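The values are calculated or read from the model by the stated rules, or taken from the named source; none is laboratory data. Everything numeric in this text was worked out from a predicted model, so none of it was measured. Because the Cβ atoms are built from the backbone with ideal geometry, glycine has one as well, and the counts that use them run over all protein chains shown.
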2 protein chains.
Amino acid sequence: MTAPRGDRSLGDRELDIMQALWRLGRATVSDVQGHLREQGVEIAYTTIQTMLNRLEVKGLVARETAGKAHAYRPLVKEPAEVGGAIRRLTERFFEGSVEALAAHLVERDLDSEQLDRIQALIDAQRRREDRR
Amino acid sequence: MTAPRGDRSLGDRELDIMQALWRLGRATVSDVQGHLREQGVEIAYTTIQTMLNRLEVKGLVARETAGKAHAYRPLVKEPAEVGGAIRRLTERFFEGSVEALAAHLVERDLDSEQLDRIQALIDAQRRREDRR
DNA sequence: CCCCTCCTCCTACTCCTGTAGTTGACACGC
DNA sequence: GCGTGTCAACTACAGGAGTAGGAGGAGGGG
């Protein structure tokens, strides 16, 4: 009787690595390590290797044998993960309503300059939609 | 050399339980179980008890011996957790910018009716801020 | 007075994440 | 040919989340 799990999002480190792959497009373990190092994140080579292999098992990245080192390629797109993360957040705290999240941001997290810019975005967005 | 961890948010079930407490205010194990059952979530009594006790150790809930059964009370407010969740999301995917998250919602997730309502909220918010 | 029910407390086990060492293959420079 | 460095593959392990069983106490109903 153990947790079947299923929905579960990625862990922090897994996301670090996925993000490196999203930026790099296609990368070896060293590439990922180098990228993370630039971000100030230091992880052992073998750790990254382990994570990448586990991500492959989960079907989130593909491995291509390229010469000596393997190259890994993300199979899910970043937007999908962003969407998933937003969905989880809204389901958890806003009864699944993205609008309620947006309302929360407007009321709590954004200052008036930011509101101005969001305002402009809304206008632009509406023009886009009208045109269609 | 193990993960010191530290930032990590709550797990899914822990959040289920915290949310039950936020709704109920103060509740026994049975109360929580009943509430979760209404939400269609079925967890064993002792499981909830274990989670609550662990949450107490973490300092997220307080336990009060009330008659026969213990009563648990949330020590963190829901808004704080919502804020934390939003912060984590933005840090992860939007370089820490809440505004970028808002922009994402406007551009991807909200339809024009929702934009209308958000628009109205922005206006209201701005009036509130002007007054100050 | 005994049994049933409800609760607490303790214990245990699995899976997943995060971290990394070890080992062995292989290529390259000298 | 031999060291040296780079990789892949395998192995290991700690800690947290999630799940729950079983022992034992306390109280109410018959």
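The set of residues in the stretch A:74-84 that are surrounded by fewer than 19 Cβ atoms within 10 Å (Cβ to Cβ) and either outside any helix (DSSP H, G or I) or within 7 Å of chain B (Cβ to nearest Cβ) (or both) comprises A:75, A:76, A:77, A:82.
Could you please let me know if residue B:103 is at pLDDT 95 or above, of a type outside the set (Phe, Trp, Tyr) and closer than 29 Å to residue A:78 by Cβ? Full working, then the answer.
On the way: at pLDDT 95 or above: yes; of a type outside the set (Phe, Trp, Tyr): yes; closer than 29 Å to residue A:78 by Cβ: yes.
Yes: the conditions hold for residue B:103.
Of the residues B:65, B:2, B:47, which is modelled with pLDDT of 95 or more and out of contact with any helix residue (DSSP H, G or I) (no Cβ under 7 Å at 6 or more places or on another chain)?
Working: B:65 fails: modelled with pLDDT of 95 or more; B:2 fails: modelled with pLDDT of 95 or more.
So the residue among B:65, B:2, B:47 that is modelled with pLDDT of 95 or more and out of contact with any helix residue (DSSP H, G or I) (no Cβ under 7 Å at 6 or more places or on another chain) is B:47.
Mind checking whether some residue in the stretch A:69-82 is over 24 Å from residue B:9 (Cα atoms) and touching an Asp or Glu at 6+ places or on another chain (Cβ under 6 Å)? Yes, there is a match, as at least one residue in the stretch A:69-82 is over 24 Å from residue B:9 (Cα atoms) and touching an Asp or Glu at 6+ places or on another chain (Cβ under 6 Å). Annotation note: Cβ proximity below 7 Å between a residue of the stretch A:37-50 that is in contact (Cβ under 8 Å) with a residue 24 or more places away in the chain and more than 13 Å from chain B (Cβ to nearest Cβ) and a residue that is among the polar types (S, T, N, Q) and within 9 Å of DNA strand D (Cβ to nearest atom) (sequence gap 6+ or interchain) occurs for A:48/A:33.
Counting only residues that are within 8 Å of DNA strand C (Cβ to nearest atom) and surrounded by 14 or more Cβ atoms within 10 Å (Cβ to Cβ), the stretch B:51-70 holds 2 of them. Look through the stretch B:24-50, keep the residues that are outside any helix (DSSP H, G or I) and over 14 Å from residue B:74 (Cα atoms), and return whichever of them is farthest from DNA strand C (Cβ to nearest atom). Among those that are outside any helix (DSSP H, G or I) and over 14 Å from residue B:74 (Cα atoms), it is B:40. A count restricted to the stretch B:55-90 and to residues that are within 14 Å of DNA strand D (Cβ to nearest atom) and free of Cβ contacts under 8 Å to residues at least 12 places away in the same chain stands at 5.
Is it the case that residue A:89 is over 16 Å from the mean Cα position of the chain (by Cα) and facing chain B (nearest Cβ under 9 Å)? Considered against the rule, which asks whether it is over 16 Å from the mean Cα position of the chain (by Cα) and facing chain B (nearest Cβ under 9 Å), residue A:89 comes out as no. When the residues of the stretch A:57-73 are filtered to those that are among the hydrophobic types (A, V, I, L, M, F, W, C) and over 30 Å from residue B:82 (Cβ atoms), the one that is nearest to the other protein chains (Cβ to nearest Cβ) is A:61.
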